Structure formats: C-alpha cells, structure tokens
Amino acid sequence: MSAQGQGTYREHVVEEYIITEEPFYLPVKDEVKLFEAAYSQKIPVLLKGPTGCGKTRFLEYMAYRLGKPLAVVKSRSRKAASSDGQRAIPLITVACHEDLTASDLVGRYLLEGESTKWIDGPLSRAVKAGAICYLDEIVEARKDTTVLVHPLTDHRRILPVEKKGEVIEANDGFLLVVSYNPGYQSTLKDLKQSTRQRFIAIEFDYPPLDLETEIIKHESGVVETLAHDLARLGEKARNLKEYHLQEGASTRLLIYAGKLIVQGVAPRRACQVAVVWAISDEAEVQQSIEEVVSSIFE
Amino acid sequence: MTDDRDTISIEQTLENFPPTIADELRAVMRLVPRSVHIRLLDLAEEALGLSSPAVSEFLRTCPFVIERAGPAGLESWCQEGLELLRKSEGSGIEYFRLGTFRSAHLLEKLSPGVELSSIKKLIETYCLALIGGKTPVLPAELPIDRHAIFLPEFVDRYPSKPENFTWYKVMATHQIGHFEFGSYEFRIDKATTLCHNLGLLHGPVDGDDTTTDLLRFLNLFDNSKLATDIFTIVEDSRIDFLTKQRYRGIGQDYSRIQAEALSLRPPITSHSLREAFLEIMVRLSLQGSGKWLVPAILHAPLRLASRIMDRVISPEASIEDSTEAMIHLYQLASRIPASRSRIDRWEAIELNSNGDEPFTSTLSDIDEVLRELQWDATDGSPHFSPAKVEYRGIFRLEPAHEIREAESTGVEEEETKYASSPWPASTETVEMNDVLDIGELAAATDDPEETHVFGMNALSEQDTPFSEAQPEQEDDSNEGESLTVDSPLSYLYDEWDFRASDYRLRWCRVREMPLAEGTPDFFEATLDEYARLVAEIRGRFEQLNPRARRKVKRLHDGEDFDLDALVDFVIGKKAGHGSDAKIYWRRNKIERDVSVAFLLDMSSSTVEYINRLQRDSIGPVFASDYRTYFEWLQSDHQGKLRPKEFKRIIDLEKESIVLLIRALETIGDSYGIYGFSSHGRENVELYMIKDLEEDFSDRVKSRIDSIIPQRGTRMGPAIRHATWKLEQQESKGKFLFLISDGRPEDHSYGREGLEKEYAIHDTRMALLEARQKGVTSLCLTFDQEGHDYLGTICGDMQYEVLADIESLPACLPTLYGWLTT
C-alpha cells in the first residue's frame, strides 16, 4: 500500500493491491480445488456465470488463499513475502468495454514535457509483477484486443509490446483470468473459439438456497429467517428469467436488500428498491414481483 | 306505508314514458334493488329528454352497472353519460352501450370488484415466479386442465379493490401451493406400498395409464368419493399450513380468509353422523380450533381424527404424510354411519388443530375406537360431500385434458384453411372472367381464386369510388358492437372517435393476409430501370454507414496519434505556446440496432396518376369504364403500354420499396413490409410482403410484383398493428414508414358514413399511440395533394411529399439520418 489518506481513502499502485484480509466465500462445488490446480499448472481460467453470483468474490478469495501472506509487508519495494516462501498475489482487474484498445492493456507512450514516456498498461504490469490479471466481461472488448492475450495464454506466456519492439516473459506468479456471462450476450458478441479454447472454464450459478441464505446473512448482517426469505425471493425472481426478465435477481442485490433492512428499512420496501425496481422496468413484471415480495415478507 | 306510496308514485311516473320504454323500465326494476327505483326513473327521464335510443341502451346495461358499481356508482356513471349525450347523441349511445373505453373504464373504476381479465397477467407472472413453470390461470368455468389454476371471473366480496385482489391472490397462492408443495407428485407405488404395509391391500394394482396415479389410487377404495373428500381435506390442510409458513407476508390475509371461510361453514345439525364428522374435519383443516356442538357419540372418533390430521400440520409434511393420514381417516370415517338418523345427545367438543404432542396413530387405535362404538361397517347410504371451501379453488385430481394441444392443432388447421381462401369468390367474379382475361392480370399468382379476388376488389372500388359517399342506410357497421377475433391471424384494435374524445373498444379487426407471389421480374426490372438511382442511393448509404463508426479526433487519449493534431501540437510547443495535448483519435462505434416497418397503402385511391395532367386525361375514362381500365391494367402489368411518365401512386410506391429494400440490405437493418387495405372496420387487411423476422428472398421480390390497388384506406388499425409488430422486436430504435397517398378513407370510417375528419383524427391518434410506444413514424407520399392531409395527420411528426421517384435518393439519406441518431 503506497499511500494512506487521512482515513478517507487508500491509494494503491495496481500491482500492489493485495488482499490482506480473507474475503468471505462459501465454496459451492469443487471450484476452489480446481482453481488451485489451474494456478499451479499456469492454466488460464474462464469464469462463467450470471451477474452478481460471486465470480469476482471467488477470485478475490483465491488470490488471498493462494498468496495467503503470513506477514504482510507494506512497502513500495515489493518485498511482500511470507516466511514460508509464499508471496502475496496482487489482483489486477480490468473492466472490458468495447473501446478498450491494445494500448489500454499493454501500455503507451505519453508526452511528458518535451519528451515522451512509456507507461505500462495493467496487463504488462500484471505480467511483470506476477499478479492475477482479471479481465472482467471479456466479450465486451474488441476482437483485436482479445487476440492480444493469446500469446500469454499458451505455453509461451509472453506479452509482445509492439510499440517498444519488446516481448515480456510472464512472471511465474502471473495468471490470466477472464469472466464471461453467456446469458445476455448476443451471438454477435460471442467469444471466439480460438480465444475461449485457451481457458479452462469454471461455471458459476447462484448458490443453492441454504448457501445463499448463509451468504446473505454474513454479508448483510440480517437475521437468519430474513436471510432465508431473501434467498427465497431470489429463487422466485429467477423463475421469471427467460419469460419476463433478462437476468434473475443476483445474490448481490439480495445482500443490498439485507443491508437496507439492517439499517432499519422495512423489508418490503427494501426488496422493492433493491430487487424489484433493480431487475425490471416493466410495470407489470414489477407488480408481480412485488406481490411475491408481499407474500414472503410481513 | 312508504313502499305503497312509492309504488303509486312510480306507476304515475311511468305513465309519462312512451309505452315501450315504460315496459323496459318495469323489466329493469324487477332486476335492481327497490331503493334505486325512483332515482332510476329520474335518470331515465333525463336521458329521454336527450335521446330515446340512448334510454334503451341505458336500461339494458343498467342492471349490470348496478351489479358492478352499486347505486352510487350508477349515479356517477350515468351523469358522465348524460353529459356526453348532450354533446353528441351517437357518442352518448355508444357510452351507454358500454362500447367506449371511457365508459368501460369509468365503470371499472367505480366498481369495488376486480375482474380476472384485468389481473390475469399479473397473477400469471406471480405464479410463474412462485413455481417456475408456466401455469395458465383459467376462469373457473373452463374445462379441466390440471396444469392450470382456476379463479372466478369476477370478485366483489369486499367493499374495496385491494381486498378483492387479495382474495384472488390468496386463492392463487393456495392453488399454486399444490404445485409447489408436491400434491401432484403423488406416486401410486409409494401409496400402495404404504397400504400393503398396513395390511390393507393385497395383490398388485391394475395398470391403467389413462388416468392419474392419484385417481387410480382413490378408486381402490370401496367408497372412492369418501376417499377423495378426505384426501382433499387433508391435502388442502397441508397446503394451507405450508403456504402460511413459507409465505409469512401473506399469512395475515390468509388467516383472515380462513377465518371467514370457517365462519361461513354450514351448521352441523342437519347432517348425518358421517357428514358431521367430515364437516368438523373441514373446520379443523381451516386451522380453526374451537368448541363445536357435535353428536356426543362422535367425540372419540373426532379426537382421534384431529390427532391424525395434526400429522400434516408440520413443515416437513409431504404428500406421503397426507396419503397416510388419509388412509387412516378413511378407515375411521367409512365405518361411521352415513344415514341421516335422529341424534339424541349433542355435546360440545373442543378441538385444537395443532396439538403439541407428536402422535403416530396406528390402525389398532382406530379399531379400538370403533370397537367401543359398535358401528356396522357397511352402510349403503349415499355419500354427501362437505360444502366447498371457496378460496381453495379447484384441486384437480382428474387427468389433464389435452386442451392446449388440441388448440394448437386447431390453430394450424384453421390457418391453412384461412390462407387458401381469403375471400369467397362471388358469382360476379366468374362473370367478370368471361369479359376480362384476369388470369393474365396477375399471371404468376398460384391460386386462380385469389387473382379473382384482387381483380374484384380493384374493380369494385373503381366502380363506386369513395368520393361518392356511401348511402347512409347501408352504414350499419357504424352502429355496432365490439368485434371478436374470428381467426388466429386476426387482431382487434380500438378506434379513436374524436367527437366522443374516446376510444370505441375492439372496433376494428385486422387480418394478416398472405400475398400471392408474382415474379421477381418487377423487382429486377425496377433495379434496371433505375440503375443510376440505385448506384446513387447505394453511394449515399455507404457514406451514411461509416458515419456510424467515425473517428473522433483531438482527444487526450485514444487509439493512436492523430497526426495532424500531433504536428500542430509539436509546432505549438516549439513556438512556445502551451497548447493542449489533444493529439489522439478514437473510433467510436455506434451499433445499429434498428427495426423498420413499412406500411404500404394498397387502397383503391393509389390507382390514380401522379401527375395532374395525366389524371385529367386518363382518369375520367377509367372512372366511367372499368373495362378500359382493366385492359389498360393488364397491358400495363406486362409493361407494354405504360409510358414511363404514366405512373400511378401505387407504381411509385412499389418502385420506392424496391429501392428501399436495396438500401436497407446494404446497411443490414431488420425491416418488414406490409401492404394494407380495408373494407369496413371488420376487414382491415394487412398483406405480408415481408415480415420483420423473414429474410429477404426471391419470394419477397415476387410478392412486390403482386401489389395492386385494393379497397379502402383505414390507416388507424393498420398503423396500430404495425406498431404492435414493432413492439415485439427487441431493437432499440423502432421506425414506422407510412407510404401512402395520404388520404384515409374507408367504408364507415366516420360517424356519418364518410367523414374525413374522423378518419384523419383516428390516423393521427394511431400515430400518437405509436410514438408513445417508442415507435417513430414518418409518412411518405407521392401525391402532390398530400400536404393537405398529411399536415393534419402528422402534426409535428415528420412527413415528406415526394414529387417523383427521382427525388427519393436525395431524400433517403436524410430520412435515414434521423433514423441512425
């Protein structure tokens, strides 16, 4: 951690953003074991699943777990090493969008006064620092940008930097992880086979009722019965997927609802603002989900 | 005393009415509460002063209005109608007939009741959310469908809408509970194993696949009606408990409705012992605990039954528990005498529906109770089921009728039937055949009958042009009822009546019609003829297309250096200016996400010539002699006689469609092309030239060839239907191109026969509705006089009057300019 504000915010250099406290994550299946295996074998990972089901949280948890720093050293010189030889793994997240260019990822020359200065992009920095680089919503990126990761995701593990005429060999700790939501992408925006076949895919879905109850309870602090009711609301709203909704209610939204309830907002109202209005704009569908809410919550 | 005086004064007042109306009034008064009689007379009198047909309509709907909205509602509803009647008699009559939107809407607002139709979709989505599978909500009168839940068509049990809605909701939640909590997961093998274990059933059960497991199981019992009743009571009880437990939010309302149901239970006094026993079980199932006066002899069996019932009052209870409870209860109930005999001793019993101590009854407990009572096991008296609990709706045990499958095959059959004969060929048509070689007129039409139809249509319009107004007495469809859907591909739409400032409900019927296929030659010929224009349009479109992906220059950050800006910047630096480092460019990609529907006017008026000069020289000849016209049309179709400048509106419409298709295919937007024509409000025809989902093909090209003028121009319903079609699309941008001569006119498109204003206002309203639904409309016409109409119709919406097709290329990119932004 490079700088510490007056208790208002913290600034990190990207490769020094290390998760130091264990994120709360409840494994649903064998995803933890799979990821550990992939990491040790340097196999890139594709996380598939609907929005707000815990993909990012899983990755944070894995970054923490794999690095598990026994002693966290906060310094610029990157000596964050633990006594048993393990080192903390930084997590560098890039949100992909259709204007994301190769330079945005690799780096570019910027003008500085009378001269130019090369600035590494987040991918270069991850490759150098041995971080987990997480390209969120990879399909949103342009095809020419997506192709850029190809040399990094096979046996070569190199990143060509065309503008500088250089090639960076990836640090051993480096791993590329991408996420992808097959649900609402049009066929136009499907991931190319040549790209997707470079990753093992771990599929995520909303957690089963019991787990989701526990997650909501832990994250929001609501009592068990309310957490269970929220999880049931999630289950019911997801029943409308494909008929009336593009996406079901995410675990994230259910947690938001729980948090509002903890703050003293009435459960029905909390669900209305956090779930009903968030997942649909259609008056009739909203009304139907509100009826479900009023059936479940007192 | 007061009543007598009222009756006398009512009779005296009735004498002031014309005899027929007085009779109607008497009939109505027999149907409505006495308290409104005097007020009814006043209202009728007031209406009579304005219009006597209106009074008849009023009296006809009055009992229904009182039933729905009560006397106070009648007053408000009637006052509104009288006010309208003062403005316009026709609108007032329509109002009292409950034929207008305002009238129906006001009544709905005044009534505390809720109609199933108004909440059906809401309840359906609610049920879908609860159990995840599509469950149709059907009116309770419909035949059996086990995959559905059943609700009454109308509920007005309570004085307010929310309470009545809650009733629907509780009813739906209970019935959906049967699906959610596994009532239909009953498996006969499990149940029979249970029976075997209890030593009740020996030998295998017949395999019969025609009925459900549950029904087969219930039929195993000697008294299957009794078994069914007990099963229903037990299972409903389990569902009630689970629903209230899992849906705490609805719990309060649920309990209230249960308590109401309990209070409405019939008294026990008149029952036989067995009926009394079942009645108490129903009460127990309503989770009522209480003190009831019952025959003293039933005390022991009832206490035992209550404890057996408790087994299903548990969060873990499953259908198997219900089955077991039911088997036990049957053993008990079947031995209780069913004959109605005098009961000597009555004693109050206090039962609690959810006893605390866990209890597993055995058959020996039952035997013990029965042994003490020494009842005869066989009692041949008929079985009477206990009274229904209304909110529990219908628990279907019967096999599912294949309603939906039957329906879907029916649809297909009808569709084919419909498609092959859009209109019955009349004898007149056959006569025409002798005179004219219509076969050649639409040479490539596969179906000869259809050709006749087209010929006939064009001919009849030519014969009696709409400008010579239809005689008023024929104008009967104006005075009419709302329409109904009569075929799968027909749709109903309201129509705007500007005089009443209200919609006439379900007034027009739009039918989707197939269009015969001609040859693709017309398409190719047009492209050849306008080769230069095609090239020009393509050029313009290609220019238009990259604009959607243009480079944005002079940015602080971007894809690459913008060299010009960079050079400027460096020069500036060298020269000592502190100029801004906006030296990058970036390509901004705007995804085209557009659906366009083209509505092509195929009315008879499009037969007219574009040029006034041509119209004057040729038009009158054709108007008076249809044979000349047809001869011309026939040779015209073959392209022999037609000089290039002799173009009718329809020709230009067709040509522009060809050019438009060419352009649209270049930029790849999804588009549909529909021709429309009409003959009265019942027959608005929408010809499918290219549906929105359909790909462009030679068939589309061939259909364009078959576009010929037909009948009237009822634009409103055509626009509404095209809007509906666009609404089904998921595109962000939805556009409607109306290509017309700009004159809406149709049989009875207006109150007094042909009333231009009515048609224009309805069309305008249809365009406004489209705009509200996110559809941008543009009207395009080749008729130089179109300005007069289009100005009114389109108002502030866009319209273009094109002088000729030559101006199309210049105009198209402009049109598409705003389509893309």
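Listed values, structure above:
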item	result
Sum of side-chain charges, B:R68 neighbourhood, beta-carbon under 11 Å (Lys, Arg +1; Asp, Glu -1)	-3
Per-residue mean of C-beta atoms belonging to partner chains within 10 Å, peptide A:283-294	5
Shielding by other protein chains, B:247-259, mean Cβ within 10 Å	3
Charge sum, other residues only, whose C-beta stays under 9 Å from B:H178's C-beta, Lys/Arg counted +1 and Asp/Glu -1	-2
Normalised per residue, the volume of the convex hull around the Cα set of region B:2-111 (Å³)	82
Label zone at B:L555, where the point sits 7 Å out along the Cα-to-Cβ direction: region A:118-161 residues whose backbone N lies under 14 Å	A:142
Long pairs among A:K236/B:K121; A:K236/B:K169; B:K701/B:K773; A:K164/B:K553, criterion Cα-Cα beyond 20 Å	B:K701/B:K773; A:K164/B:K553
Paramagnetic label zone (point 7 Å from Cα along Cα-to-C-beta, B:L198; backbone N under 16 Å) in region B:326-352	B:326-336
Per principal axis, descending, Cα span of chain A in whole Å	64, 46, 43
Counted charge near B:D240, where neighbours are those whose Cβ lies closer than 12 Å (Asp, Glu -1; Lys, Arg +1)	+2
Neighbour-count ranking [beta-carbon atoms within 10 angstrom, fewest first] of B:L660, B:L370, B:L278	B:L370, B:L660, B:L278
Filter on B:K291/B:K388; A:K143/B:K732; A:K241/B:K225 - keep pairs with C-alpha separation over 31 Å	A:K241/B:K225
Helix-only mean residue ellipticity at 222 nm for chain A, each DSSP H run of n ≥ 4 adding -39500 (n - 2.57), per residue, nearest 500	-10000 deg cm²/dmol
Virtual spin-label span in nm between A:A283 and A:D144, 7 Å along Cα→Cβ	4.7
Binned Cα-Cα distance frequencies in region A:209-296 - 5 Å width, integer %	3, 18, 30, 26, 15, 7, 1
Principal axis box of region A:106-239, alpha-carbon based, largest edge first, Å	63, 35, 29
Order of A:T101, B:T125 under a 10 Å beta carbon neighbour criterion, fewest first	A:T101, B:T125
Neighbour-count ranking [beta-carbon atoms within 10 angstrom, fewest first] of B:H147, A:H228	B:H147, A:H228
Percent of Cα pairs exceeding the 20 Å cut-off, where the set is region B:187-392	57
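Bear in mind that the values in this text are calculations on the coordinates, not laboratory data. Computed from a predicted structure; not experimentally measured. With ideal geometry, Cβ positions are generated from the backbone for all residues, glycine too; neighbour counts draw on all protein chains shown.
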